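Reading through the structure tokens given below for one structure.
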Amino acid sequence: AQFQKEQDPEWLGPVQFSWTRPFPTLRGFKEDVADYLACVVGVGDEIAGWGTVDFRDCPRNRILQIICQSEGTLQGRGGLFKELEREAAALLRACPVLDSGDGPGIEWVGPLRLAWTQPPTVLEAHPRIVGQLKRMVLLGDVVAALDGKSTAAMPRRQVLEALASGQRPTLLAGTIRSQFRGAAGLLLAEAGQPPQADWLGPVKLAWTQPPSVLHVKPEASSEFNHCLCAGDILVGVGGQYTRGLDRRGVLMLLVGAGKDLHFTPADCDYQHAASAALALSDPPETEWVGGVRLLWSKPPTVVQMSPSAARLAGDDGHVG
């Protein structure tokens, strides 16, 4: 049947095309679109080609023939990434060298707020891009590559120059460790009196010296060198010891740590000293104090022990 103008935009499998020139435009896609696209694209992006074949100024029928007669994947261009290209170029003109003090440097690049770690870590994504990408962009995601080249050793200027030249970023879901890095970057940027404890991704740390774990969400319990429990101690970050460092010093290490975080179970006496101060202020009904979960009865009652505390408990159930 003859294609009618009112049928535009048109669905081709999981991708909805609008037959614009010089390139067709992406108007929508379904969840399984990843199998058909060579890079992350957003609604409003232009579709540059199929495999190595360019779609520039091709009519609809020619594009359909190209897709039918050759193997390949769709190549996206523009939209959100045009914005990244523009904003990266503007940042290079306005601020070629970022004066970030002793922190990692944090700034908006188009719709993404980045911490200039290596690779760059996403701290926030502007609400306008929600629903335009294949998946939601989350705290701790990383800009892992630019046109397939790893950003693991790229400084800020090199990343911005690559974006400004039109190189395409690859956004990857962050690990638990990159969530640590992203949260640390946000905390460093905050002003005001520092709190006694902070959530870093799925782990809440008390700012003792060295820092101690207060709470662990289930998804983080097995991500580190041992099964993480309340009362464990963050003894090392990026090959450096945390003993003697204040909150800011530890956050600085976390921002640049990559994946090298080392937790260890502590002896119970140290666990009590590390986290009991937080338990004294407005305690809930039950709370972890070191490796022991206490019910705040009078006197307090032990209701649960971490594995490290249980190993050190005597036959009568007393710790220490």
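The values are calculated or read from the model by the stated rules, or taken from the named source; none is laboratory data. All values reported here derive from a predicted model rather than from experimental measurement. Positions of Cβ are backbone-derived with ideal geometry, glycine not excepted, and every protein chain shown enters the neighbour counts. Surface accessibility is based on the protein's heavy atoms, side chains included, excluding ligands, DNA and RNA. Shrake-Rupley method; radii C 1.70, N 1.55, O 1.52, S 1.80 Å.
For this structure, a couple of remarks:
- When restricted to residues that are within 17 Å of the chain's Cα centre (by Cα) and either in contact (Cβ under 8 Å) with a residue 60 or more places away in the chain or closer than 14 Å to LEU138 by Cα (or both), the range 201-218 contains 2.
- Test: LEU163 is hydrophobic (A, V, I, L, M, F, W, C) and either open to solvent by less than 30 Å² (accessible area, probe 1.4 Å) or modelled with pLDDT of 80 or more (or both): yes
- Residues of the range 139-157 satisfying the condition of being part of a loop (DSSP other than H, G, I, E, B) and in contact (Cβ under 8 Å) with a residue 24 or more places away in the chain: LEU139, GLY140, ASP141, THR151, ALA152, ALA153, MET154, PRO155
- Residues (in contact with a Gly (Cβ under 8 Å, 6 or more places away or on another chain) and outside any loop (DSSP other than H, G, I, E, B)) located in the range 50-61: TRP50, VAL53
- When the range 172-196 is filtered for residues that are open to solvent by 30 Å² or more (accessible area, probe 1.4 Å), in contact (Cβ under 8 Å) with a residue 60 or more places away in the chain and under 14 Å from the mean Cα position of the chain (by Cα), the ones remaining, listed by number, are THR175, ARG177, LEU186.
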